[in-house]
Each structure stands twice: as C-alpha cells, then as structure tokens.
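The values are calculated or read from the model by the stated rules, or taken from the named source; none is laboratory data. Computed from a prediction, not measured in an experiment: that's the story for all the values here. FYI the Cβ positions are ideal-geometry reconstructions off the backbone, even for glycines, and counts take in every protein chain you see. These area figures cover heavy atoms from the full protein model, side chains too; ligands, DNA and RNA do not enter into them. Shrake-Rupley method; radii C 1.70, N 1.55, O 1.52, S 1.80 Å.
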Amino acid sequence: MNLYINKMIIRSKKSVYTFAMCLAAFTVLTSCGDDYLDTTSKSTLTAGTAQSQKQAQQELIGCYDGYQTVFGYGNVSIQLASEVMSDNCFAGGGTGDNTNYESIDRFDKGYVANNNILESTWKLYYSAINRCNTLIQSENTTEWNDSTTKKNVLGQARALRAMCYFDLVRLFGSVPLLTTPSVAKAAEAKPADIFELIASDLKYAADNISLGAYSSSWADSNKGLISEWAAKALLARVYLFYTGFYKAELSSVTKSEVLAGLEDIINKGGFSLVDDFSTLWPCSSRTAAASTYTWATDKYAGESNKEVLFAVEFDSSTDQDASINSVSVSTNNNGFICMSSIRNFYKAPYGKGWGVCTVNPKLWTAYSSDDTRRVASIISMDNEKVTTQDGWDDVTDWREYTGYVQKKYSVQCYYDGKDNCTVENSSASFQYNQGQDYIIMRYADVLLMAAELGSANAQTYYNMVRDRAFGDTNHRKDVNEDNILEERRLEFAFEGQRYWDLLRVKGLSGAASILASNQSNVSVKDGTASGTVSVSSANVINKGGLCQKPYNQITLMGSDYLTQNSGW
C-alpha cells in the first residue's frame with residue numbers, strides 16, 4: 001500500500017506557516033488486503049480520541065491541504081476536466097501525447113488510452129473526504145475552548161467535505177458516500193443522497209461559520225478560508241445544479257432559503273465587483289519591463305480582492321512535490337496553469353506550458369469586440385503578435401491548435417522568458433510550481449445566481465455584471481434564462497462553470513445539442529496538418545454527461561459495490 005504523508009501548510013505572500021503532520025492522507029480503494037476503503041488514521045490524531053482545540057485546528061489545516069492537493073499538477077483536476085468537456089475548449093496538448101483528454105472532450109471511449117485516467121483524482125478526493133470525516137467525528141471528543149471556534153472549525157470541515165462530494169458526483173454520478181472513517185466496502189450511493197449530504201453540510205457551514213464581513217484586514221486574516229458567505233454562495237451553486245439537472249428539490253434547503261443567503265451576501269457580506277474585469281487576472285493586468293524582473297505595468301487587484309469569496313490557495317514552494325500512487329503531483333501548486341498555457345513558447349508576460357485546453361474560436365466570436373472580458377480572458381495569438389516573434393515554430397508539435405489560448409490562468413514570465421515562479425523561488429519549475437490561486441467563487445457569480453433565482457433586484461444584479469464588462473450602460477439586455485446563461489459563459493470562461501451550467505439549464509439533451517453545435521467541424525492544426533474537431537451529441541447523451549470511473553476502483557471494490565457509467 002502506498003501512503004502519501006505530507007505537511008499541512010497555510011501560506012500567504014508575506015509568511016509561511018508550517019505545521020507538523022497531524023493527519024495522514026489516505027490511499028483510497030487500494031489493493032491492500034481487505035482494506036478496500038483505507039480510511040483509518042495513520043497518526044496520533046484518530047477519530048474518537050480526546051484532543052485539544054489546537055489539534056482540531058491543525059486537523060482543519062489538513063482538510064484544506066487535502067482539498068488543495070486535488071488541484072495539483074499530475075492529475076486531471078475538476079477545473080481541467082470541466083473546461084475540456086465544455087464548448088469553451090478542446091483537448092489540445094502535444095501531437096505525441098496520448099488521447100486521454102480527447103476521450104473526455106468527445107465523450108468517446110475510442111480515444112481512451114488509459115482506463116484509469118481519473119484514478120488519482122478519485123483517490124485524492126477521498127483522501128480529503130476522510131480527513132474531513134476524521135475531524136467531524138471528533139466533535140464530541142475535542143476539548144473546545146469556545147463555541148465560536150468549534151462552529152468555525154466544524155463548519156469549514158463540512159463545507160470542504162461538501163465541495164469534494166460535489167465535484168465527485170458531478171464527474172461520476174453515483175459514488176461511495178462516506179461520512180465516517182471506515183475500512184469497509186461501501187456501495188455507491190444515489191446522487192440524490194449525495195446531494196442531500198452536500199446541501200446539509202453547506203447549510204451547517206452557512207449557519208455556523210462567523211468570520212465576519214469583508215474588509216482588507218478580513219482578507220489578510222481569512223485568505224483561503226471558507227467563510228459563511230462562501231458557504232451560502234456554494235450552497236446556491238449546488239441547489240441550482242441539483243434542481244436544474246435532476247429536476248427535483250432538496251429536503252435540506254429550500255429555494256427561498258438559498259436566495260435569502262445570496263441576498264445576505266449582497267447586503268451584509270461587504271463584497272463588491274472590482275471596477276476593471278481585467279484586474280482579476282495577473283496576465284491580463286501586467287506587461288513586462290525590458291531586461292529586468294519587474295512589471296512595467298501592474299494593475300492586478302491581488303488574490304484576496306473584494307470580489308473573491310473563496311479561492312484555493314497556491315504558491316511557488318517546492319517542499320510538497322511528491323509522487324502519489326506513482327503519479328507526480330505538486331500538492332501546493334496550481335496544476336491547471338502549466339497544462340493550459342501556450343505550448344513550448346513564451347512571449348512576456350505569457351510563459352510556456354503544454355497547450356492543453358486550446359480555446360474554441362467560437363468562444364472568441366461569442367464576445368462583442370467591445371466586451372472587455374474577451375481580451376482579458378483569451379490570448380489571440382495573432383492579434384497579440386505571439387506568432388510573429390523570433391523562435392515561434394508554427395506549432396509543429398501542438399495538437400488541436402486554434403490560435404486562441406486561455407489567459408486567466410497562464411504561466412507568467414518576464415522579458416527574458418524567465419518564469420515568474422522561478423523569480424519568486426529559484427528552485428521552482430514552470431511545470432510544477434505555479435502559485436496563482438484558483439478562484440472557486442466570485443461576487444459576480446453571487447449576483448447572477450440571485451438574478452437567476454428570481455430576486456426582486458434581478459435586472460439590477462444582471463446589469464451590474466454586464467455594465468462592468470462594457471464600461472457603460474449601453475449594452476444592457478433583459479434579464480431572462482437564456483441571457484443569464486450566455487452572460488455566465490462570457491463572465492466565467494475557464495473558471496469551470498460552463499459545462500455544468502449547460503447541463504442544469506438545458507438538460508442532458510439540450511446541453512449535448514449545444515456542445516455538438518458549437519464544436520462541429522471546427523478547424524484546428526495538428527502539428528503541421530490541418531484537421532477538424534467535432535463532438536457527437538449522441539456520445540454525450542449515451543454517457544449521461546458523466547466521466548468514466550476508474551476501472552481499477554471497480555475491480556478492487558467489485559461490481560456489487562461500484563459500477564461503470566453507461567457507455568464507458
């Protein structure tokens with residue numbers, strides 16, 4: 001059995017706090033004897049054992065660390081899978097790479113090069129879940145010093161567990177549902193039961209966490225933590241997806257409660273939109289100074305700005321790089337960034353990456369030319385003259401090259417091509433050590449969800465997002481379902497929302513039709529050869545919109561406990 005044990009770290013740009021290991025990460029569904037769900041603690045902090053409040057707080061750090069690890073380089077993260085499955089992006093990558101990402105993009109088993117491509121993702125989520133379960137189960141054996149801390153710790157642990165299950169159930173549908181540490185086989189649960197736990201956990205978090213209203217000092221002290229406001233917003237996201245896609249209500253929370261939570265954020269949370277959309281993203285906000293490791297212009301609003309309700313924290317440290325189940329994973333670094341950056345070429349401020357998630361040209365044209373989000377979100381290789389630079393090799397090893405690359409999460413480099421992360425940390429690697437935070441929830445999402453749920457201020461909230469995008473009030477539209485769906489596509493491109501929005505608003509058949517229409521016969525270059533990309537709506541429907549479960553996990557658990565999704 002392989003056990004991955006690491007330090008639990010909370011980092012900021014000013015300081016690094018390192019705690020000794022207090023809870024092991026667990027390898028889930030391994031082949032070690034009969035421990036099909038190896039969830040027992042391998043440390044001195046075990047569920048049911050008396051511990052101090054300080055130890056519980058350290059365990060919470062471990063829960064955050066477990067959730068963060070899922071986004072590390074070396075596994076197919078939810079952010080990457082969500083974009084590849086959407087009509088925003090194609091699989092991309094190198095001409096010599098395998099076609100696993102194509103199988104996700106096309107929902108086509110014929111492209112599958114590895115039946116376990118998502119296995120590390122699966123295992124890492126269950127590792128994080130069991131950290132949360134261990135802490136939650138220790139509620140009554142912890143010597144709490146005060147009730148406020150107790151509620152904050154348990155609320156955050158339950159919110160993190162909810163986020164892990166939300167990602168798992170969206171990716172795979174029915175999965176094992178564990179609420180306590182266990183080594184027993186666990187049958188997959190129905191999505192309805194999983195969503196009830198998710199909603200219950202987030203409602204508990206929303207009702208019990210009390211970090212206070214946003215301010216600059218709040219941002220400094222609570223950076224990277226799930227607040228009561230984040231929990232309310234995440235609960236709305238869960239509610240909209242479940243009720244939209246599954247066409248059923250949740251017993252844990254009502255529509256009116258969800259909307260009230262969003263109105264609370266708007267009226268009491270202290271958050272607001274930044275004035276300039278481009279300042280949300282480093283590469284949209286910076287130009288490199290010549291021959292020096294500084295930015296000639298830097299308008300970046302920062303990682304903990306007033307629009308960010310919750311983001312997964314990363315930095316350029318190298319002390320957590322490790323191999324998890326024979327997969328190289330940088331556990332404190334944003335793995336999406338290198339994967340989806342310009343392939344093997346830099347032009348400051350854009351550094352080199354592996355060219356995954358090439359952008360569909362139809363997304364570029366979906367924006368109006370005067371919508372500031374277009375150039376803030378997408379690199380047009382021709383318009384920004386990347387393709388005229390010395391050293392540009394006409395993408396001879398880039399698969400599904402379209403001429404467009406996502407900009408929000410791009411490797412950053414200086415005038416001489418040196419990566420920003422290696423300037424921050426000389427031992428860092430552009431591939432493994434990208435430190436830009438990944439935003440899970442923004443205030444713009446709160447406004448659009450409140451509008452979608454029928455707020456009395458729906459038109460006002462919708463206008464706020466659109467007015468910011470254009471810098472005027474001359475581009476307003478009526479607030480309705482279709483306009484909100486399109487606005488969400490333009491606002492949250494490359495933030496992992498589009499695919500799930502299509503499923504919940506249009507249903508499986510409607511989503512499949514849009515995915516196929518927007519990705520039919522799109523011209524690409526595979527190295528030096530011209531080609532096209534097309535997605536079959538039938539493939540999406542036959543797979544139920546779900547990903548392939550790792551076959552290793554089905555073999556280890558047995559088909560009485562875990563079954564493959566239809567079509568895979």
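Quick notes on this one:
- Some residue of segment 196-215 being open to solvent by 10 Å² or more (accessible area, probe 1.4 Å), in a helix (DSSP H, G or I), modelled with pLDDT under 95 and of a type in the set (D, E, K, R): no
- Within segment 464-481, residues that are touching a residue at least 60 places away in the same chain (Cβ under 8 Å) have Cβ atoms under 7 Å from residues that are acidic (Asp, Glu) and not in a loop (DSSP other than H, G, I, E, B) in these pairs: Val465/Glu487; Val465/Glu491, counting only partners at least 6 apart in sequence or on another chain.
- Among the residues listed as Thr292, Thr243, Thr331, the single one being under 29 Å from Val70 (Cα atoms) and modelled with pLDDT under 95: Thr331
- Residue selected from segment 156-177 under the condition in a loop (DSSP other than H, G, I, E, B) and either free of Cβ contacts under 8 Å to residues at least 12 places away in the same chain or in contact with a Leu (Cβ under 7 Å, 6 or more places away or on another chain) (or both), by the criterion most open to solvent (accessible area, probe 1.4 Å): Leu177
- So Lys232, is it of a type in the set (D, E, K, R), under 23 Å from Ala456 (Cα atoms) and out of contact with any strand residue (DSSP E or B) (no Cβ under 7 Å at 6 or more places or on another chain): yes
- Scanning segment 329-375 for residues that are among the β-branched types (Val, Ile, Thr) and in contact (Cβ under 8 Å) with a residue 60 or more places away in the chain gives Val329, Thr331, Ile337, Ile342, Val356, Thr358, Val359, Thr372, Val375.
- When residues in segment 510-568 are screened for being open to solvent by less than 30 Å² (accessible area, probe 1.4 Å), part of a helix (DSSP H, G or I), touching an Asp or Glu at 6+ places or on another chain (Cβ under 8 Å) and over 24 Å from Phe90 (Cβ atoms), 1 of them pass.
- Selected residue [touching a Gly at 6+ places or on another chain (Cβ under 7 Å), within 25 Å of Arg498 (Cβ to Cβ), at pLDDT 95 or above and not charged (D, E, K, R)] from Ile342, Ile378: Ile342
- Selection status of Gly496, more than 22 Å from the chain's Cα centre (by Cα), at pLDDT 95 or above, assigned to a loop (DSSP other than H, G, I, E, B) and under 27 Å from Glu263 (Cβ atoms): no
- Condition check for Ser278: assigned to a helix (DSSP H, G or I), in contact (Cβ under 8 Å) with a residue 60 or more places away in the chain, within 23 Å of Arg466 (Cβ to Cβ) and open to solvent by 10 Å² or more (accessible area, probe 1.4 Å): yes
- Test: residue in segment 131-148 that is of a type outside the set (Val, Ile, Thr), open to solvent by less than 10 Å² (accessible area, probe 1.4 Å) and out of contact with any Gly (no Cβ under 9 Å at 6 or more places or on another chain): yes
- Flag if Phe90 is of a type in the set (A, V, I, L, M, F, W, C), touching an Asp or Glu at 6+ places or on another chain (Cβ under 7 Å) and at pLDDT 95 or above: yes
- Among the residues of segment 344-385, those that are polar (S, T, N, Q), over 29 Å from Tyr293 (Cβ atoms) and open to solvent by less than 10 Å² (accessible area, probe 1.4 Å) comprise Thr358, Asn360.
- Sole residue being surrounded by fewer than 21 Cβ atoms within 10 Å (Cβ to Cβ), in contact with a helix residue (DSSP H, G or I) (Cβ under 9 Å, 6 or more places away or on another chain) and farther than 22 Å from Ile129 by Cβ, chosen from Ala219, Ala248, Ala186: Ala248
- Residue match in segment 429-445 (condition: open to solvent by 10 Å² or more (accessible area, probe 1.4 Å), over 25 Å from the mean Cα position of the chain (by Cα) and hydroxyl-bearing (Ser, Thr, Tyr)): no
- All of (1) of a type in the set (Val, Ile, Thr); (2) open to solvent by less than 10 Å² (accessible area, probe 1.4 Å); (3) at pLDDT 95 or above hold for Thr402 with one exception: (2).
- Criterion violated by Leu197 - all others in (1) under 29 Å from Asn305 (Cβ atoms); (2) free of Cβ contacts under 8 Å to residues at least 40 places away in the same chain satisfied: (1)
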